[in-house]
Amino acid sequence: MNKNKLIAALLCLMPLAASAAGPAIVRHKIPGSDFPIAQAVTLPAGTAISFVSGQVPPLVDKSADPNSLAAFGDTKTQTEGVLKKIAEVLKGMGLSMGDVVKMQVFLVGDPAKGGKADVAGFMQAYTQFFGGAQPNLPARAVVQVAALSNPGWLVEIEVVAAKK
């Protein structure tokens with residue numbers, strides 16, 4: 001087979017190779033919005049899906065009562081710590097924050113905010129991980145809960161990650 005015929009044959013096979021890889025994960029943007037979440041995420045057949053259990057904040061002040069807000073910090077501090085823990089769990093699985101397709105966030109009302117969830121503090125930390133340099137946005141829900149199992153925790157986050 002001459003060189004030109006070989007090149008022509010390979011070019012004919014390229015679309016087949018691309019389709020063998022299958023469709024990519026699709027993140028549907030919220031129409032007319034730049035809010036850093038996806039409206040929905042579509043996973044094609046053959047996508048590996050990993051469910052990461054709810055992660056809670058790490059201790060930031062070891063001298064404080066381990067059942068107090070002082071031990072874990074405010075909502076922003078706790079969110080940063082939780083998202084760093086999630087990043088480490090994902091890294092250990094060969095994944096990254098860019099592979100997160102779904103996030104469920106549980107926020108406890110902050111006594112310093114009149115018992116309301118500090119969504120602004122949460123968003124300040126969240127946008128350090130999603131929507132800036134890392135553009136793969138997850139579908140997400142944020143709910144305020146009465147309490148978590150430690151009175152010092154204001155944040156718990158669970159995620160689903162997927163990789164094609």
Please verify whether region 108-117 includes one or more residues that are in contact with a strand residue (DSSP E or B) (Cβ under 9 Å, 6 or more places away or on another chain), open to solvent by 70 Å² or more (accessible area, probe 1.4 Å) and not acidic (Asp, Glu). yes
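Within region 22-42, work out how many residues are on the phi > 0 side of the Ramachandran plot and touching a strand residue (DSSP E or B) at 6+ places or on another chain (Cβ under 6 Å).
0
Residues of region 118-140 being among the hydrophobic types (A, V, I, L, M, F, W, C) and surrounded by 19 or more Cβ atoms within 10 Å (Cβ to Cβ), which ones? Break it down stepwise before answering.
Step one: list which residues in region 118-140 are among the hydrophobic types (A, V, I, L, M, F, W, C), which gives 119-120, 122-123, 125, 129-130, 133, 137, 139.
Scanning region 118-140 gives Phe122, Ala125, Phe129, Phe130, Leu137.
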Within region 62-91, how many residues are over 15 Å from the mean Cα position of the chain (by Cα), more than 21 Å from Met123 (Cα to Cα) and open to solvent by 60 Å² or more (accessible area, probe 1.4 Å)? 5
Only one of these conditions is not met by Glu88: (1) in contact with a Pro (Cβ under 8 Å, 6 or more places away or on another chain); (2) outside any loop (DSSP other than H, G, I, E, B); (3) not aliphatic (A, V, I, L, M). Which number is it? (1)
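The values are calculated or read from the model by the stated rules, or taken from the named source; none is laboratory data. Keep in mind the model is a prediction, meaning the values are calculated, not measured. Every residue, glycine among them, receives a Cβ derived from its backbone with ideal geometry; neighbour counts consider all protein chains shown. These area figures cover heavy atoms from the full protein model, side chains too; ligands, DNA and RNA do not enter into them. Shrake-Rupley method; radii C 1.70, N 1.55, O 1.52, S 1.80 Å.
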